[in-house]
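K.L.:
Pasting in a structure now, in structure tokens, and then I'll have a few things to ask.
The values are calculated or read from the model by the stated rules, or taken from the named source; none is laboratory data. All values reported here derive from a predicted model rather than from experimental measurement. As a convention, Cβ positions derive from the backbone with ideal geometry for all residues, glycine included, and neighbour counts pool all protein chains shown. Protein only, heavy atoms only, side chains kept; ligands, DNA and RNA dropped before computing areas. Shrake-Rupley method; radii C 1.70, N 1.55, O 1.52, S 1.80 Å.
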Amino acid sequence: MKIKAQLSMVLNLDKCIGCHTCSIPCKNVWTNRKGAEYMWFNNVETKPGIGYPKEWENPSISRGGWVMEDGRLRLRAGGRIHKAARIFHNPDLPVIDDYYEPWTYDYEALVTGPGKKHQPAVRPRSRITGDPMKIQWGPNWEDDLAGVCETGARDVNFAGLDHAVYLTFQRVFMLHLPRLCEHCLNPACAASCPSGAIYKRDEDGIVLVDQERCRGWRYCVSGCPYKKVYFNWKTGRSEKCIFCYPRIEAGLTTLCAHSCVGRIRYVGVVLYDSDRIREAAAAETDPAVYPAHLDLFLDPSDPETAAAARDQGIPDHVMAAARRSPVFLLAKTWGLALPLHPEFRTLPMVWYIPPLSPVAAAASAASEAVETAVDNLRIPVRYLANLLAAGDEAPVRNALKRLTAVRAYMRTVRVEGKPDAEIPASVGLDPESIHRIYELLAIARIEDRFVVPTAFYPDGSHRHAAQGCAGFPECR
Ligand code: SF4
Ligand code: SF4
């Protein structure tokens, strides 16, 4: 068993309000440069929809990730030899119109233009060519279901559902899906790179592009099934989310998580067994990937795991952070968070808590209501299962039932003053766990949401200790 520590994130979709505040500091700090105008390391999509870039979730179009073929795990778009044979022509790349042509407005004309009878208007101009342009698509084109009557039918998460029914005014539903690089355990971007320029940091699992080694072949762009590597047309190199590693090394959380208005993001350490990555990624069926992935996560409170981790050089303060990790609690202990499209087999490490949606029965305190509430939710379970569990409804139902139970039980505590112990039992939890989930999800204190150890070294020292991390005295 080879134990590694990975910085990872959970997003609670139940609370995302689609405000895009997370995207703004990320854009301002990391991609506010020439050649990076169209890049959004963090973007927020509205589902149903086809997203950014268009139809990134459709593997027959995006051609990213891994597939099982003849019992072997292969890159969907072919391995390195296949790529080397056609290195000057990659037919699987998204084009700028799949993202959007970035634009600005001719603000100068407002100040310098001649006086006119009518109020002046500013025209959009391409930030690539500088020419006037007609805006036909944007990174956020489908915001709050705009235009979904046209694009929604191409949303692959409707598989097994009649999309025509769910795109009618009476039945339509909506959720926001914030997205960033998944810092996968089995990154297809790295495996696709002919130059070996993409690497996964040993100490915290952050996936980075070595700008010195990148030769701009762009196979990482097509190889990533989440389409979270971008090509900078100015530098001729690929770029991607760096999980704000300069902040992480200082014990601070990422900008998107720090700025999140809805307090939906959780950042923490997860220990995993890296010897079994290939086995998990090569699970026999697509729905079997999620449980195999979850099985890689190791319990940092287990004395044997802790001793093995120490022997393998994982510093004590990282272990202390792993024991307080909100990500481990939400994903492994309670099974509330699930991976995005596990069928891509990259073993993503940004997980999502599925959203509850309006349902009258959920407000009831009875444990039977918890059972039936999930089937009455406005967002079909099948849709969420296609998004977060490769079509397997069981883990989604389990998570939704537990979330409903938290609401129902806390209502008996807070409103009725008579805690109903049957409710936690009906979903395999105890009252103490329900209180802990409630505190983590509903109250969401900063020191509980972000448990980030400072940069660590083999001898356990760390030079950024003075900045520390909130509520984590071991770091100071
Ligand atoms: S999500 Fe990130 S780590 Fe995973 S394949 Fe894409 S770029 Fe690589
Ligand atoms: S800042 Fe938070 S609540 Fe707002 S869109 Fe981003 S993830 Fe959602």
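Conditions tested, residue by residue: (1) among the β-branched types (Val, Ile, Thr); (2) within 25 Å of Leu384 (Cα to Cα).
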{"residue": "Asp155", "(1), (2)": "no, yes"}
{"residue": "Thr168", "(1), (2)": "yes, yes"}
{"residue": "Leu177", "(1), (2)": "no, yes"}
{"residue": "Cys193", "(1), (2)": "no, no"}
{"residue": "Ile198", "(1), (2)": "yes, no"}
{"residue": "Ile206", "(1), (2)": "yes, no"}
{"residue": "Gly236", "(1), (2)": "no, no"}
{"residue": "Thr254", "(1), (2)": "yes, no"}
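K.L.:
Right, next: Inspect all residues belonging to region 32-43 and state whether any of them is assigned to a strand (DSSP E or B) and either surrounded by 16 or more Cβ atoms within 10 Å (Cβ to Cβ) or of a type in the set (Ser, Thr, Tyr) (or both). Before the answer, list the steps.
P.N.:
So in region 32-43, the residues assigned to a strand (DSSP E or B) come out as 43.
Of the ones still in play, those that are also either surrounded by 16 or more Cβ atoms within 10 Å (Cβ to Cβ) or of a type in the set (Ser, Thr, Tyr) (or both) are 43.
Scanning region 32-43, I find at least one residue that is assigned to a strand (DSSP E or B) and either surrounded by 16 or more Cβ atoms within 10 Å (Cβ to Cβ) or of a type in the set (Ser, Thr, Tyr) (or both), so the answer is yes.
K.L.:
From the list Gly18, Gly64, Gly51, pick out the single residue that is under 26 Å from Thr285 (Cβ atoms), within 16 Å of ligand 2 (Cβ to nearest atom) and either part of a loop (DSSP other than H, G, I, E, B) or open to solvent by 10 Å² or more (accessible area, probe 1.4 Å) (or both). Spell out the reasoning first.
P.N.:
Working: Gly18 fails: under 26 Å from Thr285 (Cβ atoms); Gly64 fails: within 16 Å of ligand 2 (Cβ to nearest atom).
Result of the check over Gly18, Gly64, Gly51: Gly51.
K.L.:
Only one residue in Ser126, Ser192 is over 24 Å from the mean Cα position of the chain (by Cα), among the hydroxyl-bearing types (Ser, Thr, Tyr) and open to solvent by less than 20 Å² (accessible area, probe 1.4 Å), so which one is that?
P.N.:
Working: Ser192 fails: over 24 Å from the mean Cα position of the chain (by Cα).
The unique qualifying residue is Ser126.
K.L.:
Now for a different question. Take the conditions closer than 17 Å to Met174 by Cα, modelled with pLDDT of 95 or more and charged (D, E, K, R) and apply them to Arg378. Does it pass? I'd like the intermediate steps shown before the answer.
P.N.:
Numbers: closer than 17 Å to Met174 by Cα: yes; modelled with pLDDT of 95 or more: no; charged (D, E, K, R): yes.
Against the criterion (closer than 17 Å to Met174 by Cα, modelled with pLDDT of 95 or more and charged (D, E, K, R)), Arg378 does not qualify.
K.L.:
Within region 231-249, can you find the residues that are open to solvent by 30 Å² or more (accessible area, probe 1.4 Å) and within 11 Å of ligand 1 (Cβ to nearest atom)? Step through it out loud before you land on a result.
P.N.:
Residues of region 231-249 that are open to solvent by 30 Å² or more (accessible area, probe 1.4 Å), as a first pass: 231, 233-235, 237, 242, 245-247, 249.
Selection gives Ile242 alone.
K.L.:
Taking Cys224 as the residue in question, decide whether it is out of contact with any strand residue (DSSP E or B) (no Cβ under 6 Å at 6 or more places or on another chain) and either touching a residue at least 12 places away in the same chain (Cβ under 8 Å) or of a type in the set (Lys, Arg) (or both).
P.N.:
Details: out of contact with any strand residue (DSSP E or B) (no Cβ under 6 Å at 6 or more places or on another chain): yes; either touching a residue at least 12 places away in the same chain (Cβ under 8 Å) or of a type in the set (Lys, Arg) (or both): yes.
Against the criterion (out of contact with any strand residue (DSSP E or B) (no Cβ under 6 Å at 6 or more places or on another chain) and either touching a residue at least 12 places away in the same chain (Cβ under 8 Å) or of a type in the set (Lys, Arg) (or both)), Cys224 qualifies.
K.L.:
Enumerate the pairs (first residue in region 270-289 and closer than 13 Å to Gly71 by Cα; second residue anywhere and in a strand (DSSP E or B) and of a type outside the set (S, T, N, Q)) with beta-carbon separation below 6 Å, excluding pairs fewer than 6 apart on the same chain, so at least 6 apart or on different chains.
P.N.:
As it stands, the answer is Ala281/Leu73; Ala282/Leu73, since those pairs meet every condition given.
K.L.:
Please find, among Pro91, Pro25, Pro102, the residue that is at negative phi, at pLDDT below 95 and either away from ligand 2 (no atom under 16 Å from the Cβ) or touching a helix residue (DSSP H, G or I) at 6+ places or on another chain (Cβ under 9 Å) (or both). Reasoning before the result, please.
P.N.:
Details: Pro25 fails: at pLDDT below 95; Pro102 fails: at pLDDT below 95.
When all the criteria are applied, what remains is Pro91.
K.L.:
While we're looking at this one, here's another question. Against the definition (within 16 Å of ligand 2 (Cβ to nearest atom) and either open to solvent by less than 10 Å² (accessible area, probe 1.4 Å) or farther than 23 Å from Cys256 by Cα (or both)), how does Lys228 come out, yes or no? Write out each step before concluding.
P.N.:
Details: within 16 Å of ligand 2 (Cβ to nearest atom): yes; either open to solvent by less than 10 Å² (accessible area, probe 1.4 Å) or farther than 23 Å from Cys256 by Cα (or both): yes.
Taking the combined requirement at face value, the residue satisfies it.
K.L.:
Between Tyr226, Tyr245, which is among the hydroxyl-bearing types (Ser, Thr, Tyr), at pLDDT 95 or above and within 16 Å of Gly64 (Cα to Cα)? Break it down stepwise before answering.
P.N.:
On the way: Tyr245 fails: within 16 Å of Gly64 (Cα to Cα).
It is Tyr226.
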